[in-house]
Amino acid sequence: MPRIHIEDTPQNIDKTVELAGWVDVRRDHGKLIFIDLRDESGIVQMVVTPANPSLHKEADAVRPEWVIRVTGLIKERPEKMRNEKLPTGGIELEVATLEVLNQAETPPFDLAGDGYEIGEEIRLQYRYLDLRRTRLQNNIRFRARLLDALRRHLIEKQFVEIETPYLTKSTPEGSRDFLVPSRMQPGKFYALPQSPQQYKQFLMASGFEKYFQFARAMRDEDLRADRSFEHTQLDLEMSFVSREDILVFVEEMMIAVVEGLGYKVKEKPFPRFTYAEAMKQFGSDKFDMRTEEEKNAGVQAFAWVTHFPFFEKTDAGGWTFTHNPFSSPTPEHIEKLLAGEIETVIADQYDLVLNGYEAGGGSIRAHKPEVLRRVLAVMGYSKEKIESDYGHMLRAFQYGTPPHGGIALGTDRIAMTLLGENALREVQAFPMTAGGRAAIMDAPAEVSKEQLDELGLQLKPHKDKGTHGV
Ligand code: ASP
């Protein structure tokens, strides 16, 4: 007999079916034992009568979270016994056979509620149990639907999905890199990408005019509820486009996807502010334009912020970029940059704001070597450093790279915001703890002396931590 899903039980009244799943609750009413069985599609009430003593004994033994397989007859419940709140509330399954597929120890925390009150360490240590709760099941499935809708939209618009390497080169892009030592070239390191920024620009040089991928961006930054070591970006790039083209394209995509998921968008087209206007009006470049009423109604407020200053002063008195060293100044400011009027140069950079969060950011890029070279020089890089760190990029620009621009949208953050959650861990399957430990796995962890030897690494006492660092 093939297994059916619990959601399909109401269509199978008076039929004998097989179900499999987890024991949600077992209620012992003396003679009758009620078991609520849960699978990924729902919950159904099952009843075991004393007619078959050995079955009754087996049913008596099961406990919450045991995995069982049953067969039985689906019966319509008498009118009075119906539970209108449950999609399967009009029926119950009368168990004929019951097989225990796996027993379960008592979970270390309750799986029934929303789980917010449970300590993060324990939730993440037993994440596979935590993920069984309805709220997280819904969140992770919602995230999948969001990604699916975005992907479909992009493929429909002739974008090509291309993966770029995770083992790559360290380049200063604003955050600290995660480094991976090379075994074949001892003493040298790969860096995990902070974003696919440079590779996507190489793809434009390669003649792919519309690219996207769901990329993991890895940054060794201090952790916050809305920032983690790794997060997923919908990364996209287009050739022969202006800022306006990208804003309109992304806006149409977000409206189609977010409305498709059943949300109301507060204002269309998205309101736009220059950075200066946003700072003046909201005191921030991430602002929430919703009224309390709109917040409660789940309305989503998008906005664009454009015209960011390209550079800001460093503590040491030099200059650094505010967003992305690969951006171009706005068309009217390219001359300014080349003429050295650094302070007032505006980058052709745009951020997408959603309900007070930065949901994405991108820019029109420098595609001519002299513009990128000039940006790097403003940041005080020597000719040698420019060549060693950015020579590959400057070279690509010397071989017919088209004008291009793009954006990266933080899909974890967008999912979190749409769901009304306050932390990324509520939409990531296996998030890190606030202390930077991998969920379930005890990582970071020490490695063997053999592994270190192979990599040509030696540990020395770490001055701050009292532990060992490389
Ligand atoms: N690479 C940028 C980031 O990760 C996004 C972009 O400009 O496309 O923030």
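Quick note: the coordinates plus some simple rules give every number you see, no bench work behind them. Values in this document were obtained by computation on a predicted structure and should not be read as measured data. Here Cβ is always computed from backbone atoms with ideal geometry, including for glycine, and neighbour counts include all displayed protein chains.
General observations
- Placed amide H near A191: partners under 5 Å, 5+ positions off or other chain: T168, K169, S170, V180
- Amide H within-cut-off set for A359, under 5 Å, with H built and near neighbours excluded: L352, V353, L354
- Each part reduced to its alpha carbon centroid, the range 231-252 and the range 49-63 end up 60 Å apart.
- Centroid-to-centroid separation of the range 391-407 and the range 1-42 [C-alpha atoms, Å]: 59
- Vicinal HN-Hα couplings computed from phi for the range 6-20 (Karplus, 6.51 cos²θ - 1.76 cosθ + 1.60; Hz; Gly/Pro x): 4, 5, 8, 4, x, 8, 10, 4, 6, 10, 8, 9, 10, 10, 9
- Listed residue pairs exceeding 23 Å between alpha carbons, taken from K266/K286; K280/K336; K157/K268: K280/K336
- The eigenvalues of the Cα gyration tensor, multiplied by 5 and square-rooted, give the range 188-300 an equivalent ellipsoid with semi-axes of 29, 21, 16 Å from largest to smallest.
- Computed log₁₀ I(q)/I(0) - Debye formula, equal Cα scatterers, no solvent, the chain, q 0.07, 0.14 Å⁻¹: -0.51, -1.34
- For the range 164-211 and the range 115-144, distance of Cα centres in Å: 32
- Local electrostatic count at S41 - Lys and Arg +1, Asp and Glu -1, tallied over other residues with Cβ under 12 Å: -1
- Each of G340, Y357, G391 was placed along the dipole of the range 329-404 (beta-carbon charges, centred on the mean Cα), and the one lying farthest toward the positive end is G391.
- Peptides 365-377, 448-460 ordered by packing proxy, namely the average of other Cβ atoms within 10 Å per residue, highest first: 365-377, 448-460.
- Under-5 Å amide H pairs with T322, H placed in peptide plane, nonlocal only: F311, E312
- Ascending count of other beta-carbon atoms within 10 Å, so fewest first, for K385, K85, K266: K85, K385, K266
- The 3J(HN,Hα) values that the Karplus relation (6.51, -1.76, 1.60; θ = phi - 60°) gives for the range 71-81 are, in residue order, 10, x, 9, 8, 10, 6, 7, x, 2, 5, 8 Hz. Gly and Pro appear as x.
- Cα-centre dipole for the chain with unit charges at Cβ (Lys and Arg positive, Asp and Glu negative), debye to 20: 400
- Axis of helix 369-378 versus longest Cα principal axis of the chain: the two differ by about 90°, to the nearest ten degrees.
- Degrees separating the helix 134-156 axis from the principal Cα axis of the chain, which is the longest one: 50
- Between 0 and 90°, nearest 10: helix 383-397 axis offset from the chain longest Cα axis: 70
- In loop segments of the range 234-290 as defined by DSSP, the GluC sites (Glu not before Pro) with at most 14 further C-beta atoms inside 10 Å of their C-beta are E267.
- Percentage of interatomic Cα-Cα distances in the range 354-467 larger than 23 Å: 64
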